[in-house]
1. Considering each of N22, N49, N42 in turn, give the residue that is part of a loop (DSSP other than H, G, I, E, B), at positive phi and within 14 Å of ligand 2 (Cβ to nearest atom).
2. Name the strands (runs of 3 or more DSSP E) wholly inside the stretch 210-301 in which the number of residues that are of a type in the set (S, T, N, Q) and out of contact with any His (no Cβ under 7 Å at 6 or more places or on another chain) is 1 or more.
3. Of the numbered conditions (1) farther than 20 Å from N22 by Cβ; (2) modelled with pLDDT under 95, L137 satisfies every one except a single condition; which is it?
4. Can you tell me which residue is modelled with the highest pLDDT among those in the stretch 61-79 that are small (G, A, S) and surrounded by fewer than 18 Cβ atoms within 10 Å (Cβ to Cβ)?
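The values are calculated or read from the model by the stated rules, or taken from the named source; none is laboratory data. Model, not experiment: these values are computed from the prediction. Here the Cβ positions follow ideal geometry from the backbone for every residue, glycine too, while neighbour counts run over all protein chains shown.
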Amino acid sequence: MIENSEQMERRCGFVSIVGRPNVGKSTLLNKILGQKIAITANKPQTTRNRVLGIRTTETAQTLFLDTPGIHKARGKLNQYMVDQALSACSGVDVVLLVTDAAQPGKSDDFILQILAKNQIPVVLLINKIDCIDKAELLPLMAHYSNSFDFAAIIPICAEDGSGVEDMLRQVEEMLPPGPMLYPEDAVTDVPERFIVAEMIREKVLRRTRQELPYGVAVEVESFTERARDGLISIQAVIYVGRDAHKRILVGKGGSMIRTLGTDARHEIERFLDTKVYLELFVKVKKNWMESDRALRELGYN
Ligand SMILES: Nc1nc2c(ncn2[C@@H]2O[C@H](COP(=O)(O)OP(=O)(O)OP(=O)(O)O)[C@@H](O)[C@H]2O)c(=O)[nH]1
Ligand SMILES: [Mg+2]
């Protein structure tokens with residue numbers, strides 16, 4: 001009997017996903033969960049908040065924290081983002097440090113110095129291995145193992161999932177035994193409204209260039225379900241810091257905002273698994289990224 005109940009006990013713990021911007025942290029979280037809850041884009045500084053992703057199996061409940069990319073922060077919004085990431089480097093059971101196989105030259109030394117102080121096991125994930133020759137991998141792994149005492153070094157491709165199952169097994173074994181902290185079917189603790197706002201921001205990120213994407217914030221103002229047919233009606237505001245950015249986002253005769261609306265609606269419908277009516281507005285909040293008050297209002301505090 002005792003042996004049986006011991007076998008039944010799951011492991012449970014927190015695992016942070018950290019690394020430089022754009023290395024594939026959020027792509028990895030979505031792959032782990034088999035569902036998209038974190039937005040991704042081929043631009044640095046996509047993620048701005050910590051996002052919890054919960055994976056429950058027969059043997060463990062692993063609580064993953066996706067974090068913003070760690071970089072030299074200039075400005076208040078960026079400082080908030082880096083603080084979010086750094087605070088996830090302590091008080092957790094395992095840290096996953098994600099790097100980009102194709103850009104190994106860019107140093108992770110700053111992050112490693114912080115991790116070295118915290119005495120938490122660090123697993124190095126060399127991501128985007130689809131972008132390099134197989135022959136380059138072993139020297140790369142050797143280079144990393146000389147630079148830090150990693151608990152493991154695992155090559156992965158977050159996009160197609162190669163190596164991810166193997167990594168999950170290894171990470172599970174590093175967690176302490178303990179009761180589950182979330183219901184078995186929970187995937188995240190962030191509200192649907194937040195994910196919807198993020199999905200709209202993702203579409204802006206993917207359709208715009210230069211400094212515009214970094215000056216965008218999205219707020220869902222209303223989110224209501226129609227009793228008759230379950231259609232969800234969403235009104236959201238896209239905030240920009242400058243008049244010129246508003247003109248770009250609205251586009252000629254409203255063409256850009258219509259495209260963004262269609263892109264976002266498709267994604268939100270997939271996420272909520274129902275028909276959605278989406279209305280987008282663009283408003284200027286002058287230089288909001290440097291205003292403590294505006295940052296607070298937009299949830300960056
Ligand atoms: N080729 C390839 N591309 C990948 C892989 N994983 C992620 N990417 C791409 O890398 C880009 C950045 O991915 P994200 O998941 O947004 O990166 P991130 O580390 O969360 O970025 P920040 O939130 O800005 O810190 C996206 O264009 C992804 O599609 C991979 O395994 N292979
Ligand atoms: Mg991200």
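1. Details: N49 fails: at positive phi; N42 fails: at positive phi.
Answer to the check: N22.
2. Details: elements: 217-225, 232-240, 276-284.
Filter on the stretch 210-301 gives 217-225, 232-240.
3. Condition (2) is where L137 drops out.
4. The initial filter retains those residues of the stretch 61-79 that are small (G, A, S), namely 69, 73, 75.
Cutting the leftovers down to surrounded by fewer than 18 Cβ atoms within 10 Å (Cβ to Cβ) gives us 73, 75.
Working: A73: 91, G75: 95.
The qualifying residue modelled with the highest pLDDT is G75.
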